1. Have a look at B:155, B:201 and point out the one that is more than 30 Å from residue B:69 (Cα to Cα) and in a helix (DSSP H, G or I).
2. Please count how many residues of the range A:57-82 are more than 14 Å from chain B (Cβ to nearest Cβ), aliphatic (A, V, I, L, M) and not in a loop (DSSP other than H, G, I, E, B).
3. For the structure I just gave you, tell me whether residue A:118 is under 19 Å from residue B:119 (Cα atoms), touching a helix residue (DSSP H, G or I) at 6+ places or on another chain (Cβ under 9 Å), away from chain B (no Cβ under 14 Å) and buried (at least 16 other Cβ atoms within 10 Å of the Cβ).
4. Search the range A:134-155 for residues being farther than 24 Å from residue A:192 by Cβ and at pLDDT below 90, and hand back the single one that is farthest from the other protein chains (Cβ to nearest Cβ).
5. Tell me, please, whether a residue that is more than 25 Å from residue A:75 (Cα to Cα) and over 22 Å from the mean Cα position of the chain (by Cα) can be found in the range B:103-117.
6. For the range B:33-125, list the helices (runs of 4 or more DSSP H) that sit wholly inside it and hold at least 3 residues that are exposed (fewer than 13 other Cβ atoms within 10 Å of the Cβ); which are they?
7. For the range B:114-134, indicate whether the set of residues that are in contact with a Ser or Thr (Cβ under 7 Å, 6 or more places away or on another chain) and in contact (Cβ under 8 Å) with a residue 60 or more places away in the chain is non-empty.
8. Taking the condition of being polar (S, T, N, Q), surrounded by fewer than 20 Cβ atoms within 10 Å (Cβ to Cβ) and in contact with a helix residue (DSSP H, G or I) (Cβ under 9 Å, 6 or more places away or on another chain), how many residues in the range A:46-77 meet it?
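The values are calculated or read from the model by the stated rules, or taken from the named source; none is laboratory data. Values in this document were obtained by computation on a predicted structure and should not be read as measured data. Using ideal geometry, Cβ is built from the backbone for each residue, glycine included, and neighbour counts are taken over all protein chains shown.
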Amino acid sequence: MIQLTLDVTLRQQAFELRIRDASSVEVLGLFGPSGSGKTTLLEAIAGLRTPDAGEIRVGDRVLFSSSAGINRPPQDRQIGYVPQDALLFPHLDVTGNITYGVRHSRRHLPGDDEPRLRSALVEILDLGPLLTRRVQKLSGGEKQRVAIARALMTQPAVLLLDEPLAGVDRARRDRILPYVLRIRRDLHVPLVYVTHDEAELTAIADRVLHLEAGQVTNATMRSPAAAR
Amino acid sequence: MSAETWQIAQFTVLMAVVATALTLPFAVAAGWLLARGTFRGKALVETVVSLPLVLPPVATGLLLLWLLSRRSPVGQALDAMGIAVIFTWKAVVLAMMVVSFPLFARSVRSGIEQVDRRYEALAATLGAGRFRILRTITLPLASKGIIAGAVLGFSRALGEFGATIMVAGAIPGQTQTLAVGIYTFVETGREEAAWGLLLLSALLAFGAIYLSNRLVAARP
């Protein structure tokens with residue numbers, strides 16, 4: 001469980017994102033059609049976009065606050081981000097991608113935990129057969145799993161997942177969702193999960209924000225199927 | 001082919017390699033600044049970087065000659081340190097560096113511009129600082145542009161004539177390069193030796209371009 005405070009006003013051209021929500025969640029679902037501002041909100045949380053006003057807090061850490069003049073750079077936010085297209089580094093193999101944060105983060109990562117976390121992730125996300133592969137040779141679902149492992153290796157306070165199933169065809173979805181559920185269950189990493197497919201949220205989220213044209217139209221607390 | 005011809009070719013290649021290696025950090029810095037930087041006077045910097053490309057090399061040579069002479073502060077400082085540049089191999093390298101720099105920097109720039117910035121953003125979320133990102137993401141992904149720039153700069157350095165003859169002269173066995181050698185051989189009626197140098201020049205240019213195409217093709 002983590003307390004997430006999202007108070008974001010962000011304008012770009014004609015579009016305006018205006019989100020206000022605070023909740024303690026394990027999995028926060030963001031649901032809405034494309035163009036509703038889901039990805040923009042994730043980027044604001046990760047520090048890749050600066051809101052015009054508001055406050056973003058994860059637990060008691062303030063990541064952004066326009067009134068206090070705080071805007072932590074993405075490097076110091078401890079937010080794991082998995083974009084829709086995974087964005088695996090094309091010049092590194094799977095292992096190189098997964099260990100990138102461990103090798104290059106300026107944040108201090110407890111070194112003793114690294115091998116344990118790594119083998120746990122390889123196990124949970126079933127990455128063993130992929131480790132020496134080049135990323136160009138991976139399927140959409142495999143790319144997502146590698147990108148999730150890459151983010152989790154930096155031991156983030158929250159993991160942001162942007163439509164992890166979007167690039168995966170229907171028949172294979174059942175093979176990805178269990179991995180996400182395992183992260184939730186075994187690693188206890190809080191998730192912000194973006195989707196435009198309500199069925200996914202039924203399986204995973206304990207709070208859902210419905211977004212439309214940059215606004216929250218409906219917020220619901222629920223107990224996800226996975227927790228029952 | 002005579003020993004003299006070989007000596008000139010070897011010397012030229014060595015100087016061009018040194019010049020390319022020394023230009024690399026400057027070209028990467030300039031290319032990065034121009035591709036990713038936002039600062040006032042960027043248009044001016046862009047123009048200055050490209051200047052040696054449009055200026056006649058002999059004019060560039062004249063500027064360098066003045067810069068290295070005792071009439072300029074730079075020349076005075078070098079003199080005070082007991083470093084002689086004019087009419088030495090150092091002048092050959094310097095002339096090569098100045099004329100090849102614009103080509104090198106432009107190629108690096110376009111290589112960096114082609115790198116999707118979202119990779120850099122993602123590396124930042126993983127905790128990597130700005131220069132780490134440059135070293136581990138941007139430059140490796142821009143490596144085609146960097147390699148192409150190095151080969152272009154190297155080739156330009158191999159053929160350098162105008163600035164070289166101004167600051168380094170054509171001292172046999174000391175500062176004489178391929179291009180300068182061809183000219184002086186023709187001038188002094190040694191056509192056959194000039195043709196020998198021409199052949200070597202053509203082979204070197206061919207080799208450089210072939211190698212760069214292979215290197216670039218081998219990258220993802």
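1. Among B:155, B:201, only B:201 is more than 30 Å from residue B:69 (Cα to Cα) and in a helix (DSSP H, G or I).
2. Final tally of qualifying residues: 2.
3. no
4. Result: A:139.
5. Taking every residue of the range B:103-117 in turn, none turns out to be more than 25 Å from residue A:75 (Cα to Cα) and over 22 Å from the mean Cα position of the chain (by Cα).
6. Those helices (runs of 4 or more DSSP H) span B:42-54, B:73-80.
7. no
8. Total meeting the criteria: 1.
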